[in-house]
Amino acid sequence: MKIKNFLNSQKFIFILIIILFLSCYMFAENKNQITIFGGLNHVMKYGSEDDYVLGENDFPVTPAHTPPAFGLSYTHFFFNKIGFELDFRYFLSSKLTLEDPSDGDKVRIDSSKHYALTGNFVYRILSGKFRPYLLLGAGFDTLVDAKDQELTTEYGYPFTLYAPEKKTDFIANAGAGIEYFVFSSLGVRFDMRYVFIPKTSEHPAINSINFAFGIFYGF
């Protein structure tokens with residue numbers, strides 16, 4: 001009888017351990033998160049009329065434009081509020097008009113498609129269903145299939161827009177966003193980031209703001 005009671009108690013303890021393990025697993029914080037998103041990239045005006053050079057830099061100012069973008073990210077949280085994110089974004093082209101400051105001649109061009117990969121530290125400010133966060137990181141931005149463009153201006157002059165020799169630039173970004181957990185492992189996310197590409201010999205400094213909305217899954 002004592003042996004039977006002992007075996008029953010062993011079964012009870014084993015079942016209790018299994019229940020506790022499953023409970024911990026079900027209610028544990030998700031350490032990993034994958035997000036799929038789409039949005040817009042507002043590129044601010046860059047360049048200066050002071051950089052105008054006849055026959056060399058006839059259209060020195062690039063006006064503001066807002067191409068669409070999409071991408072995905074993977075985040076691993078080392079602690080409940082601190083994590084590291086790898087973020088990939090692909091930016092489509094948009095139409096814009098360049099203007100010659102000397103005579104007002106104009107030409108329509110397509111902005112270059114490009115992609116960016118950044119590594120970012122993420123800090124969640126709060127816990128719960130709503131989780132606002134801050135992020136800071138850096139990476140690189142690469143032009144996609146950049147080619148010389150043979151164009152004609154509004155005044156009928158031929159114009160060649162040369163593709164830059166250097167296709168990849170360093171970028172830094174900082175931003176903020178908010179996550180909303182619809183379920184324990186699934187939710188939606190809104191994100192806004194300021195992106196900076198420093199000046200090089202081929203282009204002035206470029207500033208932009210990324211807006212993205214996505215769906216994330218935690219595991």
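The values are calculated or read from the model by the stated rules, or taken from the named source; none is laboratory data. Computed from a predicted model, the values in this text were never measured in an experiment. Every residue, glycine among them, receives a Cβ derived from its backbone with ideal geometry; neighbour counts consider all protein chains shown. Note: accessible area is taken over every heavy atom of the protein model, side chains too, but ligands, DNA and RNA are not part of it. Shrake-Rupley method; radii C 1.70, N 1.55, O 1.52, S 1.80 Å.
Things to note:
- There is at least one residue in the range 46-58 that is more than 30 Å from SER184 (Cα to Cα), at pLDDT 95 or above and either among the polar types (S, T, N, Q) or in contact with a strand residue (DSSP E or B) (Cβ under 7 Å, 6 or more places away or on another chain) (or both).
- Flag for GLU150 being in a strand (DSSP E or B) and exposed (fewer than 12 other Cβ atoms within 10 Å of the Cβ): yes
- Sub-7 Å Cβ pairs linking a first residue in the range 79-108 that is part of a strand (DSSP E or B) to a second residue that is open to solvent by 50 Å² or more (accessible area, probe 1.4 Å) and among the hydrophobic types (A, V, I, L, M, F, W, C), at least 6 apart or interchain, are PHE84/PHE121; PHE88/LEU72; PHE88/LEU117; TYR90/PHE70, ordered by first then second residue.
- Index of the failed condition, PRO198 passing every other in (1) in contact (Cβ under 8 Å) with a residue 12 or more places away in the chain; (2) more than 16 Å from TYR46 (Cα to Cα); (3) not β-branched (Val, Ile, Thr): (2)
- Residue in the range 74-85 that is open to solvent by 20 Å² or more (accessible area, probe 1.4 Å), acidic (Asp, Glu) and within 27 Å of LYS113 (Cβ to Cβ) present: no
- Residue match in the range 182-195 (condition: of a type in the set (A, V, I, L, M, F, W, C), under 23 Å from LEU98 (Cβ atoms) and part of a loop (DSSP other than H, G, I, E, B)): no
- Reported count of residues in the range 61-73, each being more than 19 Å from ASN207 (Cβ to Cβ) and either of a type in the set (Phe, Trp, Tyr) or open to solvent by less than 20 Å² (accessible area, probe 1.4 Å) (or both), is 3.
- Looking only at residues in the range 159-201 that are touching a Lys or Arg at 6+ places or on another chain (Cβ under 7 Å) and aromatic (Phe, Trp, Tyr), the one that is surrounded by the most Cβ atoms within 10 Å (Cβ to Cβ) is PHE181.
This table checks each residue for (1) buried (at least 17 other Cβ atoms within 10 Å of the Cβ); (2) closer than 28 Å to ASN80 by Cα; (3) of a type in the set (S, T, N, Q).
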position	(1), (2), (3)
VAL107	yes, no, no
TYR123	no, yes, no
ARG131	yes, yes, no
LEU134	no, yes, no
GLY139	yes, yes, no
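- Counting only residues that are open to solvent by 30 Å² or more (accessible area, probe 1.4 Å) and free of Cβ contacts under 8 Å to residues at least 60 places away in the same chain, the range 44-60 holds 9 of them.
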